[in-house]
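To start, the structure under review is shown below, and the notes come after it.
The values are calculated or read from the model by the stated rules, or taken from the named source; none is laboratory data. What you see is a predicted model; the values in this text were computed from it and never measured. Quick reminder, even Gly has a Cβ in these numbers, built from the backbone with ideal geometry, and neighbours come from all protein chains shown. Only protein heavy atoms, including side chains, enter the accessible area calculation; ligands, DNA and RNA are left aside. Shrake-Rupley method; radii C 1.70, N 1.55, O 1.52, S 1.80 Å.
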Amino acid sequence: MEALVQYLLPLVLFPISIALIYLLRKGGFATLKLPPGTTGWPMLGENIHFAVLGPQKFISDRMKKYSPEVFQTSLMGEKMAIFCGAQGNKFLFTNENKLLTSWWPKSLKKALLFPEFVENSLKEVSALKRSFIHDILKPEALKQYIPIMDAMAREHVEKEWAPNEEVKVFPLSKKYTFDLACRLFMSIVDPHDIKKLADPFHLVTNGMFSVPIDLPGTAYSGAIKGGKMVRAELLKIIRDRRKELTESKETAGRDLLSRMLLVTDEDGQFMSEMEISNNIIGLLVASYETTSTAVTFVLKHLAELPHIYNEVFREIMAIAKTKGPDDLLTWEDIEKMKYSWNVARESLRVTPPAQGAFRESVTDFTYAGFTVPKGWKTFWTVHTTHKNPKYFPDPERFDPSRFEGSGPAPYTFVPFGGGPRMCPGKEYARLEVLVFMYNVVRSFKLEKAIPNEKIVFHASPTPMNGLPVRLQPLGK
Ligand code: HEM
């Protein structure tokens, strides 16, 4: 019902927009050779097709119909050029800040961020603050978090998995991911405090990629409401911590929040509370659905493919045997999980959590003989390479050995993007996924409770019933 309302409401605006669309079509782009394709219905663009077909089919149909290199569409109220294949990825990744700049949908910005600081947080954040985010997510900085991730995963498995014969993997991996982020980003551990952030945050993630029309009952209006509540809660947390820091004279920065409060830019200025809130929300959003989807699909593949599960089990038990019952995982242990990481990468290829990313063109430019006008949005997508037999023979077959040796060709395996804007959370995600695999695989064999469970698309691929699995406990 909610989805219906979300898609039908814009029809009310249909007559107004007809005039506008004709004006735009007849306007300034008449002389340019634009990428082939259609911008669909006024206002609605091709949103409905995208939602109904799912990103993979939407894109492959249009590549066949229009061009395998680049085609135009209209999504989320924006004219958009979709770039395809390894060459398309390469072009977008290597022209960052020259022809293109970062762009995020209005729905996402408006729902999430303090408007005063939107440009600072999402456009070009000052070099210091951007490199700060990259610095705190580097492997050297994350090493110290591995024992915490492991201790939390152990507790999670003991409490949420072990007492049950059957569990739903997707909601549980979301819970673990959110709990972990609250602990590592802000040292929040009390379940009651976590819930105060988690409930409104779910409203945001449900509506942040919807059609940006703020009317009661739409997912978008829920996201705006949720965003306000998350921001209010975060401001309280940030102010309390600032007070604590002033009183305790802490200088080391016990977590990401403290480090954000302590860092200064080249002029000695601290980040404002709203900027910190925007940055933390940005990290929560970027890490939440993506990482919990990654964990879920790795476990789905392990439940489906016993021979792969057995190899992962062997690798994990070889590590477990070297450790006492209370020893926590270390960086050295994670580095030994090479096969397990190949399995996780193959899962990221087959079911990538992020579908791609947007940019905005800062000038008219030409690609594959077509002009992309200034102001258009672009989108690179995982689907045009991950499932292309040219780059990955027999692409539907799950085969972790694709990542042995020199691995896939450049710009073909892109679950985290590429170029200067490549996901800075890649290493955090790798650690979280491997630590979770370690804890689940050494505790249980998994069997899918619904063998042919349907996968639907929201922002990420989602198992329709939450991936229920039956657990067969193993003696450790
Ligand atoms: C499996 C999990 C993850 C996947 C698949 C993923 C994927 C991506 C992708 C595709 C992008 C866009 C790159 C582009 O614009 O071209 C991105 C950006 C980003 N990701 Fe991740 N991500 C994951 C986990 C994380 C985590 C755990 C964090 C933080 C702890 C994170 C933080 C970010 C940030 C801050 C950006 C924006 C970077 C920028 O615009 O400069 N991500 N991610």
Problem set entry | Rounded to the nearest 20 debye, dipole of segment 171-242 from Cβ charges on Lys, Arg, Asp, Glu | 200
Exercise. Leaving out same-chain residues fewer than 8 places away, which lysines sit with a Cα under 24 Å from that of Lys64?
Worked result: Lys33, Lys79, Lys90, Lys377, Lys387, Lys390
Problem set entry | Within straight-line cross-link reach of Lys243, aspartates and glutamates at Cα separation under 13 Å, skipping those fewer than 8 residues along the same chain | Glu273
Problem set entry | Gyration tensor (alpha-carbon) shape descriptor, segment 387-444, a/c threshold 1.5 | oblate
Exercise. Considering only protein heavy atoms, what per residue accessible area in square angstrom results for segment 2-473 with a 1.4 angstrom probe?
Worked result: 45
Exercise. What FRET efficiency would be calculated for the residue pair Glu453, Leu262, taking the C-beta separation as r and a Förster radius of 45 Å, to the nearest 0.05?
Worked result: 0.45
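Take the Cα gyration tensor of the chain, multiply each eigenvalue by 5, square-root it, and list the three semi-axes largest first, rounded to whole angstrom. All intermediate terms of the calculation are to be shown ahead of the outcome.
Details: eigenvalues 261, 163, 98 Å².
In descending order, the three semi-axes are 36, 29, 22 Å.
Grab the Cα-Cα distance for Ile148 and His134, subtract it from 0.36 nm times how many residues apart they are, and report the gain in nm with one decimal.
On the way: separation 14, 0.36 × 14 = 5.04 nm, distance 2.04 nm.
Full-extension gain reported as 3.0 nm.
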Exercise. Separation between the Arg397 and Leu32 pseudo-spin-labels, each 7 Å from Cα along Cα→Cβ, expressed in nm?
Worked result: 4.4
Exercise. In whole Hz, what ³J(HN,Hα) sequence does segment 147-159 give by Karplus (6.51, -1.76, 1.60; θ = phi - 60°), x for Gly and Pro?
Worked result: x, 5, 4, 5, 4, 5, 5, 4, 5, 4, 5, 4, 7
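When ranked by the protection proxy of mean other Cβ atoms within 10 Å per residue, highest first, what sequence do the peptides 376-386, 159-169 form?
On the way: 376-386: 23.5, 159-169: 14.3.
With the highest mean Cβ count within 10 Å placed first, the list reads 376-386, 159-169.
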Exercise. Separation between the Glu155 and Lys195 pseudo-spin-labels, each 7 Å from Cα along Cα→Cβ, expressed in nm?
Worked result: 1.7
For this session: Report the charge-dipole magnitude of segment 2-473 in Debye, nearest 20, computed about the Cα centre from +1 at each Lys and Arg Cβ and -1 at each Asp and Glu Cβ.
Result: 1220
Problem set entry | For segment 190-196, Karplus couplings with θ = phi - 60° (6.51, -1.76, 1.60), whole Hz, Gly/Pro x | 5, x, 5, 5, 5, 4, 4
For this session: Report, for the chain, the % of DSSP beta bridges that are antiparallel, rounded to 5.
Result: 85
Exercise. Between Lys445 and residues 5 or more places away or on another chain, which pairs have amide H atoms under 5 Å apart, with H built 1.01 Å from N, and which residues are they?
Worked result: Gln472, Leu474
Exercise. Which whole-angstrom value gives the distance between the alpha carbon centres of segment 367-386 and segment 428-470?
Worked result: 32
For this session: Convert each backbone phi in segment 49-57 into a coupling constant with the Karplus relation 6.51 cos²θ - 1.76 cosθ + 1.60 (shift: θ = phi - 60°), then list the ³J(HN,Hα) values in order as whole Hz, x for Gly and Pro.
Result: 4, 4, 5, 6, 7, x, x, 5, 6
Problem set entry | Within straight-line cross-link reach of Lys300, lysines at Cα separation under 16 Å, skipping those fewer than 8 residues along the same chain | Lys168, Lys174, Lys445, Lys448, Lys454
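Round to the nearest 0.05 the FRET efficiency obtained for Ser272 and Arg314 when R0 = 51 Å and r is the Cβ-Cβ distance.
So the FRET efficiency works out to roughly 0.50.
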For this session: Would you mind getting me the FRET efficiency between Lys336 and Val362? Use the beta-carbon distance for r and R0 = 45 Å, nearest 0.05.
Result: 0.50
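If you roll a 1.4 Å probe over the chain with all protein chains in place, what percent of the accessible area is carbon or sulfur? Numbers along the way, then the final one.
On the way: 12540 of 21540 Å².
Ligands and nucleic acids excluded, carbon and sulfur reach 58 percent.
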